[in-house]
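Chemist: Dropping the structure in here first, questions after.
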Amino acid sequence: MGKDLKIVMVDDNTDFLFTMQTFLQKNGFVILTADDGQKGIDLIKKERPDVVLLDIMMETLFSGFEVCKAIRSDDDLIDIPIIGISAMAGELDINYSQWPDYDYFKPDAFLDKPVDRQRLLQLIPEVIQKAQKRKRNPKWKKEMEQHWAEKASQKQRP
């Protein structure tokens, strides 16, 4: 996986943003940050990053849940991989991996805070590869092919 990949980080903890931005830049990534959900959505729409690192629980109008939903419901953004990040396990004693909510929050991967930085470096290319596979085989393409096959078979009937 090539370096110079663009990552948008959305987190209301500016200290976390700074330390992770510094770490990821030292590892060759281009990092853009937003300290609230709405700024994050705007930045993601503008920059079309390779990956989004998204805090789930932000004390702003748009939490990570809403940001994720906005990305997943926008046809132009849907293929951008998301790595969800949260301190829920430590703060609320809730382990996301035990209680995922895939109906509302669909990240490609999830990390607890404090973030295992080596694991994050492993996850970034993994989620990008997974997203590229999804993009090569989009659901709409399969549905369109099925639609045209049905149309063709209807024309062949007397």
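No lab work stands behind these numbers, since they all come straight from the coordinates. All figures in this text were calculated on a predicted structure; none of them were measured in a lab. All Cβ positions, glycine included, derive from the backbone under ideal geometry; neighbour counts span all protein chains shown.
Chemist: What is the set of long-range amide H partners of residue 29 at a cut-off below 5 Å, with H atoms built 1.01 Å from backbone N?
Modeler: Distant-sequence amide H within range of residue 29: 4.
Chemist: If each residue of separation counts as 0.36 nm, what is the full-extension length gain between residue 145 and residue 23 once their alpha-carbon separation is subtracted? Intermediate results must be reported in sequence, preceding the final value.
Modeler: Values: separation 122, 0.36 × 122 = 43.92 nm, distance 4.46 nm.
Contour length minus Cα-Cα distance gives 39.5 nm.
Chemist: If you plug each phi of segment 22-37 into the Karplus form 6.51 cos²θ - 1.76 cosθ + 1.60 with θ = phi - 60°, what whole-Hz ³J(HN,Hα) values come out, in order, with x for Gly and Pro?
Modeler: Once rounded to whole Hz, the list reads 4, 4, 5, 5, 5, 9, x, 8, 8, 10, 10, 10, 9, 9, 7, x.
Chemist: In nm, to one decimal, how far is the residue 46 label point from the residue 134 one, both placed 7 Å along Cα→Cβ?
Modeler: 2.5
Chemist: Going down the table (45/130; 135/155; 130/151), which pairs top 29 Å between alpha carbons? Walk me through the intermediate numbers first.
Modeler: Numbers: 45/130 21 Å; 135/155 31 Å; 130/151 32 Å.
In this structure, 135/155; 130/151 lie more than 29 Å apart at Cα.
Chemist: For residue 113, list the aspartates and glutamates whose Cα falls under 14 Å from its own Cα; do not include residues on the same chain fewer than 8 positions away.
Modeler: Filter leaves 11, 12, 15, 55, 91, 93.
Chemist: Using 0.36 nm per residue of separation minus the Cα-Cα distance, give me the extension gain between residue 117 and residue 15 in nm, one decimal. Kindly include the intermediate steps, with their values, before the conclusion.
Modeler: Numbers: separation 102, 0.36 × 102 = 36.72 nm, distance 1.55 nm.
The residue 117-residue 15 span can extend by a further 35.2 nm.
Chemist: In terms of modelled amide H atoms, which long-range or inter-chain residues lie less than 5 Å from the amide H of residue 111?
Modeler: 84, 85, 86
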